[in-house]
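Q: This is the structure I have questions about; it appears just below.
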Amino acid sequence: MKSSKAEAVRLRALRWRPRNGRQAAGDAEASVRPAAVSPVDLGNEALAGLFSRPGRTALTVVGTAIGLTALVATLGLTRTANNRIVGRFDEVSATEIQVTTRPAPEDATPNTLPWDAPERLERLNGVVAAGNVSTVDVGDALVSTSPVSDPQRRTDFKLAVQAGSLGLFNAVRAKVRTGRLPDGGHSRRGDRVAVLGPNAAAQLGIAGVEQLSAIRIGDELFLVIGILESVARQHDLLTSIIIPEGTARRLYRLGSPESVVLETRLGATRLIAEQIPLALAPHKPDGLKVVFAPEQKRVREAVESDLTLLFLTLGGVSLIVGAIGIANVTLVSVMERTGEIGLRRAVGATRTHVALQFLLESCAIGIIGGILGASLGTLVVVGVSAYQSWTPVLDPLAPFAAPLIGGVTGFLAGSYPALRAARMEPVEALRAGM
């Protein structure tokens, strides 16, 4: 009887112990709460990690800032250079018009340009300057600076002689090296004066007009009153002798202008080209040939594309170098702080918390570098433009996008080190950090 009671108590105790153990385990599991870290605490941990090694952090920020400075500066310089190049194209090619005559049928009256063509065309809205230019037929006459033939060296040359009206030099944007240009009185009186292109002056051995240099065109003597430095268009004038139009009409029986050169305002070229035949030959507008460069769009776009690709490549390389620096510093920081990672994991920090801490550190480095890079890049663009006397052109979004790019670069660069830190087991991390 007693044995049966003792056996019943023992069996009851055995049944209670497992149930009581499971209940205790459940109570313990219910009492454990998932580890939680507030954003403030996470930010404090990231700042502490950054300032624990200020020298290394500063160098990494500098490397990132250099990369983003190069990126912002190259973007700004690209747009500035493109604007400058576009301006150069527009200044010359897109504002030039040349008018000549078309060949007339055999039995028809030859097509000619009127002598007052520049005055007519300058009345059109959008025309800046206009001038006649004609090749003068001087036969076999040679140009010489000396009336005496020197057997030791050549003194006479076959040079082109051009006749120009008063507005020609403005239309071709001629710059004078020395002396002066002909005026209206020279042309009206038919004065025997000449302006030399720089190449023609060098060939004739004339360096200036101070000695009242004179040249002979065949048997005709001309006083050199000026020497050109350069022209923006009609480059054949650089190797020519230029005489007043009235002088060419009187001495060489120039019958009519050969062509008219116009300088127009930007954007008015096409409209003026349509009006020129009616302004010069309203009775026969088809007899004139108007040549102009409507756009240099393809060339301009190709130049812009090449410059943009070049500068973006340089900026991208600099940015990659900065990203490698962030990744390297973050990875070294993970390796040096192995014990800290293990301790944090042991006291309840999750893998996510560890990864977020290192990502915040790398992103902070990128953002700070982006702010510094945007400021320095803007200063570089302004400084280079001021030195070259250019107009600085900078995308207004570039300075604001630089910190964002820096943050994204820091995030990408710190992803692998952060994942490596998160994958560490607490026991292995503590053992490695001891």
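The values are calculated or read from the model by the stated rules, or taken from the named source; none is laboratory data. Quantities reported herein were computed from a predicted structural model and do not represent experimental measurements. Here Cβ is always computed from backbone atoms with ideal geometry, including for glycine, and neighbour counts include all displayed protein chains.
Q: I need the full set of residues from segment 380-391 which are in a helix (DSSP H, G or I) and surrounded by 14 or more Cβ atoms within 10 Å (Cβ to Cβ), in order please.
A: Those that are in a helix (DSSP H, G or I) and surrounded by 14 or more Cβ atoms within 10 Å (Cβ to Cβ): V380, V381, V382, V384, S385.
Q: Another question about this same structure. So in segment 130-160, with the set limited to residues that are farther than 30 Å from R120 by Cβ and of a type in the set (A, V, I, L, M), which one is modelled with the lowest pLDDT?
A: V148
Q: Right, another one. Please list, ordered by first then second residue, the pairs with beta carbon atoms under 6 Å, 6 or more apart or interchain, first in segment 403-423 and assigned by TED's automatic domain parsing to the domain that holds V332, second among the β-branched types (V, I, T) and modelled with pLDDT of 85 or more.
A: Cβ pairs passing all conditions: P403/I367; P403/I371; G406/I367; G407/I367.
Q: Within segment 339-379, how many residues turn out to be free of Cβ contacts under 8 Å to residues at least 24 places away in the same chain and either buried (at least 21 other Cβ atoms within 10 Å of the Cβ) or outside any helix (DSSP H, G or I) (or both)?
A: Looking only at that region, the number is 2.
Q: Which of the helices (runs of 4 or more DSSP H) found entirely inside segment 112-192 contain at least 3 residues meeting this: at negative phi and crowded, with 16+ Cβ neighbours inside 10 Å?
A: Where helices (runs of 4 or more DSSP H) fall fully within segment 112-192 and carry at least 3 residues being at negative phi and crowded, with 16+ Cβ neighbours inside 10 Å, they are 117-121, 168-171.
For (1) within 27 Å of A130 (Cβ to Cβ); (2) modelled with pLDDT of 90 or more; (3) of a type outside the set (S, T, N, Q), each residue gets a yes or a no:
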residue: N199; (1), (2), (3): yes, yes, no
residue: Q203; (1), (2), (3): no, yes, no
residue: G208; (1), (2), (3): no, no, yes
residue: I215; (1), (2), (3): no, yes, yes
residue: E220; (1), (2), (3): no, yes, yes
residue: V224; (1), (2), (3): yes, yes, yes
residue: I227; (1), (2), (3): yes, yes, yes
residue: S230; (1), (2), (3): yes, yes, no
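Q: Any chance segment 246-256 includes a residue that's among the small types (G, A, S), in a loop (DSSP other than H, G, I, E, B) and within 15 Å of N132 (Cα to Cα)?
A: Yes, some residue in segment 246-256 is among the small types (G, A, S), in a loop (DSSP other than H, G, I, E, B) and within 15 Å of N132 (Cα to Cα).
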